[in-house]
Amino acid sequence: MIGSFTRSARSGGPTPMRRYLRHRVLSEAPTPTDHSMMQRALELARDAAAKGEVPVGAVVYETHSGSILAEAANARECESDPAAHAELIAIRSACAARNDWRLNDCTLVVTLEPCAMCAGLIVGARVGRVVYGADDPKAGAVRSLYQLLEDPRFNHRVSPIRGVMAQESAQLLHDFFRARR
Ligand SMILES: [Zn+2]
């Protein structure tokens, strides 16, 4: 039903109502799989905290099958690498595992709102779905500071699903930084 509707909607011009309906179709709710993947991402974040890393975890899974392609945690300290963010490592591993740089049929689940670097990579890798936990008011480039994933000037757009287990993610970060003070 939705398929035939969007096909007929696309044949017409971009009226405000059509834009609204298209957006509504894309802004879906998190699935049970998204929730269990977020639980896994939180575990990875907790392990990272134990190693002195800012606790952020990420999982890339195949949307239709729910099978995990890659998972990673922030490794900036261990690797002495400013680019070693959880989602960047996970996206690169997923692409390597599939021997394909495109992830249209995949979902990225990450505990914290992606930064500008990672949002750029999400667009570049054509990630099909993005689910994240807590907002990052200091560096978030998906909602907080920029809305890079929904910028119409890019040739790939994805409406992120936010706030999934956000309390747990934020608490983990809060505890980590409080312990380091
Ligand atoms: Zn990042």
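The values are calculated or read from the model by the stated rules, or taken from the named source; none is laboratory data. Source: prediction; values computed, not measured. Using ideal geometry, Cβ is built from the backbone for each residue, glycine included, and neighbour counts are taken over all protein chains shown.
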Quick one: what pairs do we get from the stretch 32-55, first residue closer than 17 Å to Gly163 by Cβ, second assigned to a helix (DSSP H, G or I) and modelled with pLDDT under 95, C-beta under 7 Å, 6+ apart or different chains?
none
Note on Glu28: of the conditions (1) under 17 Å from the mean Cα position of the chain (by Cα); (2) within 16 Å of the ligand (Cβ to nearest atom), unmet is (2)
Which condition from (1) in contact (Cβ under 8 Å) with a residue 24 or more places away in the chain; (2) under 23 Å from Glu62 (Cα atoms) is the one that Glu150 breaks?
(1)
Among (1) over 12 Å from the mean Cα position of the chain (by Cα); (2) in a loop (DSSP other than H, G, I, E, B); (3) within 16 Å of the ligand (Cβ to nearest atom) - the single one Leu173 does not satisfy:
(2)
Among the residues of the stretch 83-93, is there at least one that is β-branched (Val, Ile, Thr) and in a helix (DSSP H, G or I)?
yes
Please work out which residue is farthest from the ligand (Cβ to nearest atom), limiting yourself to the stretch 56-90 and to residues that are over 17 Å from Arg40 (Cα atoms) and surrounded by fewer than 16 Cβ atoms within 10 Å (Cβ to Cβ).
His64
Would you mind telling me which numbered condition in (1) at pLDDT below 95; (2) within 15 Å of the chain's Cα centre (by Cα); (3) of a type in the set (Gly, Ala, Ser) Ala41 fails?
(1)
Could you please give the count of residues in the stretch 124-133 that are more than 11 Å from the chain's Cα centre (by Cα) and within 14 Å of the ligand (Cβ to nearest atom)?
2
When residues of the stretch 91-118 are filtered for being within 11 Å of the ligand (Cβ to nearest atom) and surrounded by 24 or more Cβ atoms within 10 Å (Cβ to Cβ), how many remain?
6
From the residues in the stretch 134-165 that are hydroxyl-bearing (Ser, Thr, Tyr) and within 13 Å of the ligand (Cβ to nearest atom), which one is nearest to Leu42 (Cα to Cα)?
Ser144
Which numbered condition in (1) assigned to a loop (DSSP other than H, G, I, E, B); (2) touching a strand residue (DSSP E or B) at 6+ places or on another chain (Cβ under 7 Å); (3) surrounded by 22 or more Cβ atoms within 10 Å (Cβ to Cβ) is the only one that Gly140 fails?
(2)
Enumerate the pairs (first residue in the stretch 71-91 and without any contact (Cβ under 8 Å) to a residue 12 or more places away in the chain; second residue anywhere and within 9 Å of the ligand (Cβ to nearest atom) and among the polar types (S, T, N, Q)) with beta-carbon separation below 9 Å, excluding pairs fewer than 6 apart on the same chain, so at least 6 apart or on different chains.
Ala84/Asn74
